[in-house]
Amino acid sequence: MGHALHLTVPDDVPYIDFERDFDFPVAEVYRAHADPELFRQWIGPRGLRTRIDGFEFRAGGAYRFVQRGEDSAEEYAFRGVFHTVRENELVVQTFEYEGWPDAVDLEYLRFEDLGEGRCRLRGHTVHASQEARDGMVGSGMEKGMAEGYERLEELLAGLLGGQGG
């Protein structure tokens, strides 16, 4: 376990690309994105608890979740709409941090089967502006994503009885 998150943040365009390998089948990594109870357990950095307020994982469905530090009353709310949902293949969704309204991102998540029970998750996020993208990067996003995907690996290892690795 312990694949690195690879993030690409170009200087002159308002997007971010990432990829992350998992030693688990595509179907399981996809399920952890699609099932709100599983999603709640891994999304975001360590030390935050997540509450799901709505999660309709289908084309046209909306979602909202709220994160809160274990020792803090401060909450961070996120929402969006799922535009395309193709099982074990592709999710296209909007993503908005409610603390920075009107900066709605468009995210593409591709799930690639690498064979032998392994997969790669590739993401492409288009931000509303260069300023919005730079604000996201400056917020500690990379650390939060990396920790979230570590938590996803730990969750899947527990669910699948230690498979992967």
What are the residues whose amide H is under 5 Å from the amide H of LEU90, where those residues sit 5 or more places off or on another chain and H is modelled from the backbone? PHE111
Please check: in the Gaussian network model of the chain (C-alpha springs, under 10 Å), which one of GLU74, GLU37, GLU56 has the largest mean-square fluctuation. GLU74
Choose one answer from ARG86, ARG64, ARG133: the residue with the largest mean-square fluctuation in a GNM of the chain with alpha-carbon springs under 10 Å. ARG86
Output the Kirkwood hydrodynamic radius of the range 117-165, Cα pairs only, in Å rounded to one decimal. 13.0
How far is the Cα center of the range 89-104 from the Cα center of the range 49-87, in Å? 10
Please pull out the direction-averaged projected area of the range 6-158, using the convex hull of its alpha-carbon atoms, in nm² to one decimal place. 8.7
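Only the coordinates and a few stated rules stand behind these numbers; no lab work does. Owing to the predicted nature of the structure, the values given are computational and were not obtained by experimental measurement.
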